[in-house]
Amino acid sequence: MAERIAWVTDSSGCLDEELLKNPDVYVVPLIVMINGKEYLDGVNLHPKEMHRMMKEEKVAPKTSQPAVGTFLDLFKKLSGEYDRIIAVHLSSRLSGTFSSSLQAAQMLDFPIMVIDSLLISYPMTFLIKKMMAYLNNGLSPEEAKEKLEQIRDTNELYVLIGSLEQLHRSGRMSGTTFILGSMLNIKPIISIEKGALEIREKTRSEKKAEAKILGLFKSAADKGKIKECYLLYGSSEEQTEGLKKQIKESYPAIAVSAYSIGTAVGVHAGDQTLGISWFIEKE
């Protein structure tokens, strides 16, 4: 008889319809602080509402990881209903969520595997689906994790920052850099390198920035082995329409989908943020 596995993740991911309907998937919300008030991401605060508050009230929200006790309570409950727990979380270099989950797992005498995705948003969710597929194909959890880490390391993820002001407010950009960047209309492109945010390029207009991230994708797509491309947006899927159209015209065989970039990066990057991501799949 197959093991009953509970899947745990956090609200920084963007679950698709398949996972939202899966009764064995559990989401622990990150905490968002706005004007001293605490919200639960995805429960009583969603990205669109967060961006509205940021714009209207000119506040700099802060995110924090769920408490160890939150994970511990959930793991205790699930240990009575399942044979194993597998948790996949937001990059440990962007949040302490992975650490909280791991600490809770170590407090229980129960098989719990906690995986650091080193990613954000839907690319993290993609790893959950891959892990499920590997186990369904007969791999052990340890074998599946090893394969998962291999495909994780092929990911490329680029984000066009929507708001220098928000990046400055959140403490990710110095005052001097913010002033100069605003004067020169600088549009930075950040990438996720080994789980951390790094400035990859600096362009002089939004049009040039979009052309640059499209160029990065085309360079990878021309080498083949990309099955899907994920477009990530700040507050509205409409932001991705132009990029989606260009990719579909040039690469009709590559599936293109759009997802919210989530709060973990959204609080730093602003509502007009646009991202692109893909994996190199060799199977």
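Read the figures in this text as sums done on the coordinates, not as results from a lab. These numbers come from a predicted model, not from an experiment. All Cβ positions, glycine included, derive from the backbone under ideal geometry; neighbour counts span all protein chains shown.
Here are some notes:
- Distant-in-sequence amide H partners of Thr273 (H built 1.01 Å from N, under 5 Å): Gly162, Gly234, Ser235
- Projected area averaged over orientations for the chain, convex hull of C-alpha atoms, nm²: 15.1 nm²
- Computed extension length for Leu20-Asn44: 6.9 nm, one decimal, from 0.36 nm per residue of separation with the Cα-Cα distance subtracted.
- Taking all Cα pairs closer than 8 Å and separated by 6 or more residues, the relative contact order of the chain comes to 20 percent.
- The ranking of Ile128, Ile254, Ile161 by Cβ neighbour count inside 10 Å, starting from the fewest, reads Ile254, Ile128, Ile161.
- With respect to the chain, whose longest principal axis is taken over its alpha-carbon atoms, helix 241-250 is tilted by about 80°.
- Remark: for residue pairs Lys37/Lys207; Lys130/Lys218; Lys248/Lys282; Lys58/Lys130, the C-alpha separation exceeds 29 Å in Lys37/Lys207; Lys58/Lys130.
- Net +/- balance of residues flanking Ser99 in space, Cβ distance below 15 Å, scoring K and R +1, D and E -1: -1
- Where both bridge residues fall in the chain, DSSP classifies roughly 55% of the beta bridges as antiparallel.
- Computed magnitude of the charge dipole of the chain (debye, nearest 20; Cβ of K, R +1, Cβ of D, E -1): 920 debye
- Summed side-chain charge close to Ala6 - residues other than Ala6 whose Cβ falls under 11 Å, Lys, Arg +1, Asp, Glu -1: -1
- Within the shell of other residues whose beta carbon sits under 14 angstrom from the beta carbon of Ser64, the net charge comes to -1, with Lys and Arg scored +1 and Asp and Glu -1.
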